[in-house]
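Some notes on the structure that comes next.
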Amino acid sequence: MNLRDLQYLVALAEHRHFGRAAQACFVSQPTLSTQIRKLEDELGVALVERTPRKVLLTEVGRDIAERARDVHNGIEQIRAVARRTLDPESGTVRLGIFPTLGPYLLPHALPLVRAAFPRLELLLVEEKTEAVLRLLREGKLDAGIVALPLHEDSLHGEFLFEEPFLLAVAHEHPLARQRGQLKLSDLSHQNLLLLEDGHCLRDQALEVCHLAGAGERSGFRATSLETLRQMVAANVGITLLPTLAVKPPVAPLENLHLIEFKGRPPSRRLALVWRKSSAMHAFLKRLAEVIRQLPAGLLDAHTAATAVPPDAVTPRKRKPTRQ
């Protein structure tokens, strides 16, 4: 048994197809098939059920493939230790990030990372949170940026920042003429436009709706924050937007009115996470410190909020002057 054969088995478990698994391993299909048969002969058990249309792993095949994946990840960790020892700030980091954060955080965070680690190769993978966590567990990512809380005992999390939400409405919406800041109770009986299932921002928005006594607009679920912004600007409904999603370089929309919440606003807390067993622990802690250096004003919801129209402000009553 050798590491190469275990790699072939892991690829076959992932792709469920000899041709695609061979492509992923950069070998011919006959080569991969032959090595899998040799591995079966060596172990004395059938690892694969071969059918005309697809490949299925046997129960013992799935178990061995999972253990082979752990072995492969362990070898990668050994190589990472060696690389980091030679040059702690070089090499490659595979970073996962979810789509309602990536396009808005990265323009601000990447210049900081490049300045701090000029020799670092940062490979970015944009996936929904559940996929980021799965890829982390499988060793296909080195780290990920996700929203807290983190319910993964095998992962370590470093808090990065807290990002407040704003309420987005069209200029003609009654809430746009709200005097001062918004209270959660002002959302009572409102129905908000939300993202489709799988986005962590959807779950966070639903939690705010529950606290405020609000609901979800039926018959519509967006695939992206940009879709939500456009729908609100078209006066289809209202929604919650994270502060970074309305800060430059994001272009403003003409009919989008952003309202700040009073007191402690609803928000999401972001963290850099990685496997507790990772050989990159010390470096990733330094990476988290760099990302925390975002300008403080970038996360200020007040500067993102739309100014209250002058006619929506109640003028102060002047005290009568003595004659």
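Taken together, the values in this text are just the output of simple stated rules run on the coordinates, not laboratory data. Note that the structure is a prediction, hence the values are computed from the model and not measured. Quick reminder, even Gly has a Cβ in these numbers, built from the backbone with ideal geometry, and neighbours come from all protein chains shown.
Key figures for this structure:
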read-out	value
Test item: Cα-centred dipole of segment 3-84, Lys/Arg +1 and Asp/Glu -1 on Cβ, debye	380
Exceeding the 26 Å Cα-Cα cut-off - candidates 140/247; 128/247; 128/276; 140/276; 38/276; 54/140	140/247; 38/276
Stretch gain in nm, segment residue 20-residue 151, where the contour uses 0.36 nm per residue and the Cα spacing is subtracted	43.8 nm
Most mobile of 16, 269, 119 in a GNM of the chain (Cα contacts under 10 Å)	16
Options 97, 178, 166, ranked by Cα towards positive dipole end of the chain, top entry (Cβ charges)	178
Förster radius 56 Å - calculated FRET efficiency between residue 307 and residue 134, Cβ distance, rounded to 0.05	0.80
Only Lys, Arg (+1) and Asp, Glu (-1) charged, at Cβ; segment 69-199 dipole about Cα centre in debye	280
Rounded to 10°, Cα long-axis angle of helix 59-86 versus longest principal axis of the chain	70
Shape category assigned to segment 3-84 from the gyration tensor of Cα positions, a/c cut at 1.5	prolate
Alpha-carbon centroid distance for the pair segment 108-182 / segment 237-302, whole angstrom	6
Debye, to nearest 20: dipole size of the chain, +1 on Lys, Arg Cβ, -1 on Asp, Glu Cβ	1080
Among (i) 154; (ii) 189; (iii) 133, the entry that matches volume of the Cα convex hull per residue in Å³ as calculated here	(ii)
Separation of the residue 63 and residue 185 label points, Cα + 7 Å toward Cβ, nm	6.0
Footprinting exposure proxy for 56, 270 (fewest neighbouring C-beta atoms within 10 Å first)	56, 270
